[in-house]
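Participant: Here it is, the structure, as structure tokens.
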Amino acid sequence: MIRDLLIIILASSLINNIILSQFLGLCPFMGTSKKIGNAAGMGVLVIFVITLVSAAGSAINLYVLKPFGISYLQTLIYIIVIMILVKLIDLIIKKFFQKINEKVGDYLPILATNCIVLGTVIINTRADYDVLTGTVNGFALALGFALVLIIFAGIRERIEYSDIPESFKGVPISLVIAGLMAMAFFGFTFL
């Protein structure tokens with residue numbers, strides 16, 4: 001069991017990285033990766049939110065959708081659960097963690113409508129994971145997202161001071177970097 005969970009962690013965070021191989025979560029990837037501090041804050045928030053949503057989504061799938069034969073409502077129910085959990089997390093952070101709210105408060109509403117959160121829950125449902133395995137997979141996918149986001153932010157900070165052609169400045173060089181990162185992460189498939 002532990003070996004299987006470790007394989008899921010490695011596969012989901014490195015080999016099947018949710019950004020670089022599945023192209024989910026590109027909006028926060030491009031938008032919040034200009035500074036390492038912002039990327040780290042977003043990464044921690046994504047790990048926390050996706051882990052909770054994965055646990056809730058796996059439990060709902062296993063104990064509500066399947067037994068009552070209403071799996072066709074999964075997308076609607078998952079969206080409602082995501083919105084409720086993100087709003088609860090937002091309220092808790094605003095109430096009890098003012099310093100954290102100042103750093104990442106603006107990013108939380110972005111996560112409520114981001115495809116990475118819903119995509120993770122649907123990936124877990126399609127793989128028919130139980131609650132523990134779905135939670136671990138969600139954590140690993142979010143960990144891979146955070147890892148790539150922080151690496152990308154570090155590269156973008158260094159590129160800002162580099163002498164690159166005018167036509168490549170901004171989004172074009174960012175896309176080139178993302179492509180090179182995807183090729184580098186592709187190397188993990190041969191492990």
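Participant: Based on what the data block shows, is Ser174 modelled with pLDDT under 90 and more than 21 Å from the chain's Cα centre (by Cα)? I'd like the intermediate steps shown before the answer.
Facilitator: Working: modelled with pLDDT under 90: yes; more than 21 Å from the chain's Cα centre (by Cα): no.
In short, no.
Participant: Check off (1) open to solvent by 40 Å² or more (accessible area, probe 1.4 Å); (2) touching a Gly at 6+ places or on another chain (Cβ under 8 Å) for Pro67 and give me the number that stays unchecked.
Facilitator: Status for Pro67: all satisfied but (2).
Participant: Quick test for you: out of Arg126, Arg156, pick the one residue that is open to solvent by 20 Å² or more (accessible area, probe 1.4 Å) and without any contact (Cβ under 8 Å) to a residue 12 or more places away in the chain.
Facilitator: So the residue among Arg126, Arg156 that is open to solvent by 20 Å² or more (accessible area, probe 1.4 Å) and without any contact (Cβ under 8 Å) to a residue 12 or more places away in the chain is Arg126.
Participant: Can you name every residue in segment 78-107 that is under 24 Å from Val131 (Cα atoms), surrounded by 18 or more Cβ atoms within 10 Å (Cβ to Cβ) and of a type in the set (A, V, I, L, M)?
Facilitator: Val81, Ile82, Leu85, Val86, Ile89
Participant: Moving on. Is it true that some residue in segment 19-40 is under 12 Å from Leu143 (Cα atoms) and either surrounded by 14 or more Cβ atoms within 10 Å (Cβ to Cβ) or modelled with pLDDT of 90 or more (or both)?
Facilitator: yes
Participant: Any chance segment 150-160 includes a residue that's under 15 Å from the mean Cα position of the chain (by Cα) and either aromatic (Phe, Trp, Tyr) or not in a helix (DSSP H, G or I) (or both)?
Facilitator: The answer is yes; a qualifying residue exists.
Participant: I'm trying to understand the selection: among the residues of segment 1-18, which are open to solvent by 70 Å² or more (accessible area, probe 1.4 Å) and assigned to a helix (DSSP H, G or I)?
Facilitator: Passing the criteria: Ile2, Arg3, Asp4, Leu6, Ile7, Leu10.
Participant: In this structure, does Thr189 turn out to be in contact (Cβ under 8 Å) with a residue 24 or more places away in the chain and surrounded by fewer than 13 Cβ atoms within 10 Å (Cβ to Cβ)?
Facilitator: Judged against the criteria, Thr189 is a match.
Participant: If you check every pair at least six apart or on different chains, which have Cβ atoms under 6 Å apart with a residue in segment 67-95 that is under 17 Å from Asp106 (Cβ atoms) first and a residue that is modelled with pLDDT under 90 second?
Facilitator: Val86/Leu111; Val86/Ala112; Asp90/Leu108; Ile93/Ile100; Ile93/Asn101; Lys94/Asn101
Participant: Residue by residue through segment 161-174, note down the ones that are open to solvent by 20 Å² or more (accessible area, probe 1.4 Å) and touching a residue at least 60 places away in the same chain (Cβ under 8 Å).
Facilitator: If the condition is that a residue be open to solvent by 20 Å² or more (accessible area, probe 1.4 Å) and touching a residue at least 60 places away in the same chain (Cβ under 8 Å), then Val171 is the only one that fits.
Participant: I'm trying to understand the selection: among the residues of segment 100-126, which are of a type in the set (Gly, Ala, Ser) and part of a helix (DSSP H, G or I)?
Facilitator: The answer is Ala112, Gly119.
Participant: Do we find that Ser58 is among the small types (Gly, Ala, Ser), within 30 Å of Ala153 (Cα to Cα), part of a helix (DSSP H, G or I) and open to solvent by less than 30 Å² (accessible area, probe 1.4 Å) in this structure?
Facilitator: no
Participant: What pairs come up if the first residue lies in segment 18-38 and is closer than 17 Å to Ile50 by Cα, the second is open to solvent by 10 Å² or more (accessible area, probe 1.4 Å) and part of a loop (DSSP other than H, G, I, E, B), and their beta carbons are under 6 Å apart, counting only those six or more places apart or on different chains?
Facilitator: Ile18/Leu24
The values are calculated or read from the model by the stated rules, or taken from the named source; none is laboratory data. Predicted, not measured: the structure shown is a model, and the values here were computed from it. So basically every Cβ, Gly included, is an ideal-geometry build from the backbone, and we count neighbours across all protein chains shown. With ligands, DNA and RNA removed, areas are computed over all heavy atoms of the protein, side chains included. Shrake-Rupley method; radii C 1.70, N 1.55, O 1.52, S 1.80 Å.
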